[in-house]
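Visitor: Quick one: the structure is below, questions incoming.
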Amino acid sequence: MRLHYVLTVFRKEMLDMLRDRRTMISMVAMPVLVIPVILFFMGKLVGRAEERSQQEARRLGIAAQVSNPQIRAALEGLDLPLRTGLNPREAIERKEAAAGVVESALPDGRPRVELLTDRSNPTSAVTGEKIRTALTKLRESQVREGLKSANVPVTVLEPFALQQTNVASAKKMAGNLWGSMLGYMLLLLMFTGGMYPVIDMTAGEKERKTIEAFLASPVHRLEIVIGKILTATVAILVTAALTLASVTFSIRSENFSRTPEMKAMMQTIPLDGQNLALIALTLLPLAILAASMMIAIALFARSFKEGQSYLTPLAFLVIFPALMGGLPGLELSLVTALVPILNASQLIRGILLGEWTVPVFAMTLGANVVYAAIATVVATRTFNKESVLFRS
Amino acid sequence: MIAVQNLVKTFHDKARGSRHVVDDVSFEVREREIFGLLGPNGAGKTTTLRLIATLLKPDSGTAVINGFDINREPEKVRSQLGFLSGDMGLYGRLSPREILTFYGRLFGMGEAEIGRRSEELIERFAMKEFAGVRTDKLSTGMKQKTAIARTMLHNPPVLILDEPTSGLDVPTARTIEESILEFRKAGKTVLFSTHVMEEAEYLCDRIAVIHEGKIKITGTMDELRAATGRHRLREIFLDLLGLPVLTEN
């Protein structure tokens, strides 16, 4: 194989690719524009939904059939209108009340309070939670008073104190939250980012009938296909880099974090030089694997459209393991390190959590290098098949 | 210059089974000759040319181009060839100048040589005005000029043209025909396929008629006339295909 011919093919393919609008949309516009817009609107939508829910609760209020003054006082303390004269169940169903409280008497005379909510309705569920907290607090205070008047120490109620402490640092928490979705987004967009240039270089070349003159030059087919794989790999890595930059920018921006605590946590996302280098190293063999695999498949297509229908199902093969890899509970082990895509998704999460080991990293990298090499061999063999190249 | 010896190529597909697309084809093209491969659609013209250009591998038989065997030295064979098809095969997002540079590099030319030769061809085919414009924005005539310049760039001794005028209007086809005659004047050997009788009759020194993968006849127009007893190429062609020649009566 002669490197200067590979580079000639690579330079031409890069030039051709950078002038293709479809490729630029999938490679640049998707990560740079679409991700921030989606995350921005997601943040806004969630914030607005919470606000709307609170407003609705204030407007609808609580349908109350309560006679006990203390219970009534506790409900009034919620700053929500108490509505009487309504059938609570029907009022909730007709969305005339956010929640309902019905007081009746137990056989021993104590009040029995029934809390009614529609758990399929977020406004009702949140209001119900507020009522439950307020009434639990009232009950506890009545118990304390009862114990006090009977001269029983409060320690009877609370024989020991229970305190829960989260030992995970803010950095780790951010890594956990972010690591679950970063690997998934990166891997999915890498495939979609490489898809258009790959189809253009293979099926597109056949459709435009440029392949004959290309093959009639003295360049070896191996040099041509390696040049194409190199171009697709660069496209995939550029998409990955832009996705990483875009997600980092979006998550650290004002609009994404709704609370100051969340914002502070997001600022601690562990994307230092070392982690970035580790993520890049993880993605490199995977990018070669994706490029070669897509080229081997798209070569069978006779047109751009056909190429799209061949490669689109591949995205589903990526989504599932990429999503699985981000889920907590599934630990990265020497066995899961052998499963392509899942291993990278898990490793990215592990890197962000600071929970990766050298053997697992080496196993993941080694496995993906082997898969990339196999895919490259398959792509070069496919490119040498007359029945594939001149399929009509 | 081109010696084709007993070339055989079989295609297999589920629908039609195995077919001899090129069946024991032999012919010779002499130096500075324009040789036409004439045949109906599906006769095996394109496959024969692809075999000679080493785009496909023959099942058996061989061809020797300017001393290089297609089976033994395919890269050297390709370095001797300029290949042009009716589809032109131009990269739409690249300008003619960029296409010439790319192909110059593929043919192992140095950067200075590519620049000099490109400018020479741009001048010769009056391409200066559009040499820097994306090819997908050019007219068919401009594209044809670009495709011819690309074929000529590395100054190959042999030109293989696969239905180069297919789908072109008469004035644009004329540009190609003019170039074919100029190629011969420049000392090139031209092998081209066509199904346009007038074109073959007008341009070719010798013609081979191919049908169902087999060469039916080879010779000059006079030799074809003598062998078939027909005068016009159209009549000779239909005769060889076993089809009746239409007359007014």
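Visitor: When residues of the stretch B:35-61 are filtered for being in contact with a Leu (Cβ under 7 Å, 6 or more places away or on another chain) and among the polar types (S, T, N, Q), how many remain?
Guide: Total satisfying the criteria: 2.
Visitor: Something else: So which residues in the stretch B:74-133 are touching a residue at least 60 places away in the same chain (Cβ under 8 Å) and either in contact with a strand residue (DSSP E or B) (Cβ under 8 Å, 6 or more places away or on another chain) or not in a loop (DSSP other than H, G, I, E, B) (or both), if there are any at all?
Guide: Hits for the stretch B:74-133 are B:SER79, B:GLN80, B:LEU81, B:GLY82, B:PHE83, B:LEU84, B:SER85, B:GLY86.
Condition check ((1) open to solvent by less than 50 Å² (accessible area, probe 1.4 Å); (2) touching a residue at least 12 places away in the same chain (Cβ under 8 Å); (3) among the aromatic types (Phe, Trp, Tyr); (4) not in a strand (DSSP E or B)) across all residues:
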residue: B:HIS12; (1), (2), (3), (4): no, no, no, no
residue: B:ALA15; (1), (2), (3), (4): no, no, no, yes
residue: B:SER18; (1), (2), (3), (4): no, no, no, no
residue: B:VAL21; (1), (2), (3), (4): yes, yes, no, no
residue: B:ASN41; (1), (2), (3), (4): no, yes, no, yes
residue: B:THR47; (1), (2), (3), (4): yes, yes, no, yes
residue: B:LEU51; (1), (2), (3), (4): yes, yes, no, yes
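Visitor: Among the helices (runs of 4 or more DSSP H) confined wholly to the stretch A:275-392, which include 3 or more residues that are in contact (Cβ under 8 Å) with a residue 40 or more places away in the chain and of a type outside the set (S, T, N, Q)?
Guide: Working: elements: A:304-326, A:342-353, A:358-383, A:386-389.
Hits in the stretch A:275-392: A:304-326, A:342-353, A:358-383.
Visitor: Residue under question is A:ALA232, and the condition is that it be part of a helix (DSSP H, G or I) and crowded, with 19+ Cβ neighbours inside 10 Å; does it hold?
Guide: Values: part of a helix (DSSP H, G or I): yes; crowded, with 19+ Cβ neighbours inside 10 Å: yes.
Criteria met by A:ALA232.
Visitor: While we're here: Under the condition of being without any contact (Cβ under 8 Å) to a residue 60 or more places away in the chain and within 14 Å of chain B (Cβ to nearest Cβ), which residue from the stretch A:13-55 is nearest to B:GLY92 (Cα to Cα)?
Guide: Ranking the candidates gives A:ARG19 first.
For (1) within 15 Å of B:GLY44 (Cβ to Cβ); (2) crowded, with 18+ Cβ neighbours inside 10 Å; (3) at pLDDT 90 or above, each residue gets a yes or a no:
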residue	(1), (2), (3)
B:HIS195	yes, no, no
B:ALA200	no, yes, no
B:CYS204	no, yes, yes
B:GLY213	yes, yes, yes
B:GLY219	no, no, yes
B:ALA227	no, no, no
B:ARG230	no, no, no
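Visitor: Looking at A:SER120, A:SER141, A:SER180, which is the one that is at pLDDT 85 or above and in a helix (DSSP H, G or I)? Quick ask: steps written out before the conclusion?
Guide: On the way: A:SER120 fails: in a helix (DSSP H, G or I); A:SER180 fails: at pLDDT 85 or above.
That would be A:SER141, the only listed residue that is at pLDDT 85 or above and in a helix (DSSP H, G or I).
Visitor: Out of the residues in the stretch A:359-384 meeting the condition of being under 29 Å from the mean Cα position of the chain (by Cα) and surrounded by fewer than 18 Cβ atoms within 10 Å (Cβ to Cβ), tell me which one is farthest from A:GLU205 (Cα to Cα).
Guide: Within the stretch A:359-384, the match that is farthest from A:GLU205 (Cα to Cα) is A:PRO359.
Visitor: Which helices (runs of 4 or more DSSP H) sit wholly inside the stretch A:1-107 and have at least 3 residues that are β-branched (Val, Ile, Thr)?
Guide: On the way: elements: A:3-18, A:21-24, A:35-60, A:69-76, A:88-93.
Per the criteria, A:3-18, A:35-60.
The values are calculated or read from the model by the stated rules, or taken from the named source; none is laboratory data. Remember, predicted model here, so these are calculated numbers, not experimental data. For neighbour counting, all protein chains shown are included, and Cβ atoms are generated from backbone atoms with ideal geometry for every residue, glycine included. These area figures cover heavy atoms from the full protein model, side chains too; ligands, DNA and RNA do not enter into them. Shrake-Rupley method; radii C 1.70, N 1.55, O 1.52, S 1.80 Å.
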